[in-house]
Structure formats: structure tokens, C-alpha cells
1. In what sequence do TYR67, TYR25 fall when counting other Cβ within 10 Å, fewest first?
2. Roughly how far apart, in whole Å, are the Cα centres of the range 1-54 and the range 139-175?
3. Quick one: how many lysine pairs does the range 2-211 have with C-alpha atoms less than 19 Å apart and a gap of 8 or more or different chains? Give me the count, please.
4. Helix by helix, which DSSP H runs in the chain go 18 Å or more along their axis at the Cα atoms and have an average Kyte-Doolittle hydropathy of -0.5 or more?
5. Hey, can you grab everything whose amide H is under 5 Å from the amide H of ARG70? Only 5+ residues off in sequence or another chain; H modelled, so Pro and N-termini drop out.
6. Based only on other Cβ atoms within 10 Å, what is the fewest-to-most ordering of HIS48, HIS16?
7. Roughly how big is the range 36-180's charge dipole about its Cα centre, with Cβ charges of +1 (Lys, Arg) and -1 (Asp, Glu), in debye to the nearest 20?
8. With a 10 Å Cβ neighbour count serving as the proxy for reagent exposure, in which order, fewest first, do VAL30, VAL89 appear?
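Every number here is computed from the coordinates shown, using simple stated rules; none is lab data. The shown structure was predicted, so the numbers you read here are calculated from the model rather than taken from an experiment. Note that we place each Cβ from the backbone using ideal geometry, even for glycine, and neighbour counts take in every protein chain shown.
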Amino acid sequence: MRAMGNMTVCYAIGWHFFRLYFSMYHRFRVFNVERVPLQGPVILASNHASYIDPPLVGAGVRRQISYLARDSIFRVPVLASILRSWKVVPVDRDGGTGRGLKAILDRLACGGAVILFPEGTRSRHGELNPARSGVGLAVIKSTAPVVPARVFGTYQAYGAQMLVPRPRPLAVKYGRPLLFEALRAEAQNCSKPRLKEIYQQVADEVMAAIAGLEPKEDSL
């Protein structure tokens, strides 16, 4: 059973819940969402400062997004059923190797949308951290465009040191898609040392695009 285009009913319920929550409690705003393709494979690459970043990035987009979650969470039966209905991708502790990477690539190959966090983990101070090469690996191994996204206010609303979210304003801004066609072509036949450089180069370029999504003084 489907709802709202490619959303499953369970996902659509969660999507509407978070939209309502973010609107009423955080007065959230969305900018340039038209840059996110509504069909076909796409990687959403966002900064990461809070547990509420994934649903915030997803709430701005009217299509189902596959999130990543540690595989240990899938050991809880009821929760596992909900996560699978949301097409959440189980990953190991490193978040981008082995089965996790294969699951991400399989989801993209089926025309899905996946959200990745180039920093690898939440920022402990609210500022942007350097990108890890794992996101570059996923990008190069796929053919999906990469849409950078930047969340604003999530650290102030629900930083790592907070027990409950605070009613701070939130916003998410989406950037123009990045294609990486030249680097993907080079990666087909280059040396292993150069391939590692390409992974990091892609990660750095994605992070730079995220950093370039500065807020407008009169809107955020």
C-alpha cells in the first residue's frame, strides 16, 4: 500500500508527524527544496549536529528517504518492523563499510533516495567538521546525483548535551545537485592510491558545497 507518491503508508504517517512537530515546536522553514529530484536515485548529503537532523532533512522533501541506523537497533522486533517499513538502511558501527555500503548502493540502484552525513558523526560543538572519505566511496560507487543540504538551529535545539529538545527555530536548505561524472570515470581505471584520493576529494567537495549553503540574513 502506497501514499503520497513513493511513500509507504507508515513512512507517510511519520513524515506528517515530523512536519507537524517541526512546524509547531520549531517553526521550521525549508529553502530550495525544488533542487531535490522527486524521482530516481539521489544522495542527500547533510551536516550533522543533532539526532533530529535526519527527520528534518527528510521532512522538507515530498518523497521517501532512506535513513541509516546502526544494525543493533534492528534487534528490537517492533522497532525493526517500523524501520524496515521506512526503508531504513542498517549499517555497522563504521557506518559505511561491508553490508551497509552494499545496502546503500542497492537502494540507490532501485531508484531510491538516501541521506548520508559526510562528517560521519554529530558535531560536538555545532560547527562543521571535516568530511570523511566514506561518503566519497558511496558517491563514486553509485551513479546518483548528490544534493547537499544544510540544517540550521539543530545544535541549539537539541545538541548532544541536551536531554530534551528546546523550541528553537530550525531550517533546512538544499543545494544544487553535484554529479562527479569526471571523477567517476577516472575512478574506473586509476591506481589504488589515486582512488583513495578521489574518495576524499569527493567528500571534501560535498562538504564544501554544504558549507556554501549560507543562510540569508533576512530569512534564517
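1. Working: TYR67 17, TYR25 14.
Fewest to most other Cβ atoms nearby, the residues stand as TYR25, TYR67.
2. 11
3. Values: LYS87/LYS102; LYS102/LYS141; LYS102/LYS196; LYS141/LYS192; LYS141/LYS196.
For the range 2-211, qualifying lysine pairs total 5.
4. Numbers: long enough: 9-26 (24 Å, 0.57); 192-211 (29 Å, -0.12).
Result, helices passing both filters: 9-26, 192-211.
5. VAL91
6. Details: HIS48 23, HIS16 14.
Lowest count first: HIS16, HIS48.
7. Working: 19 positive and 7 negative charges, 39 e Å.
Dipole about the Cα centre, nearest 20: 180 debye.
8. Working: VAL30 17, VAL89 24.
Arranged by neighbour count, lowest to highest, VAL30, VAL89 become VAL30, VAL89.
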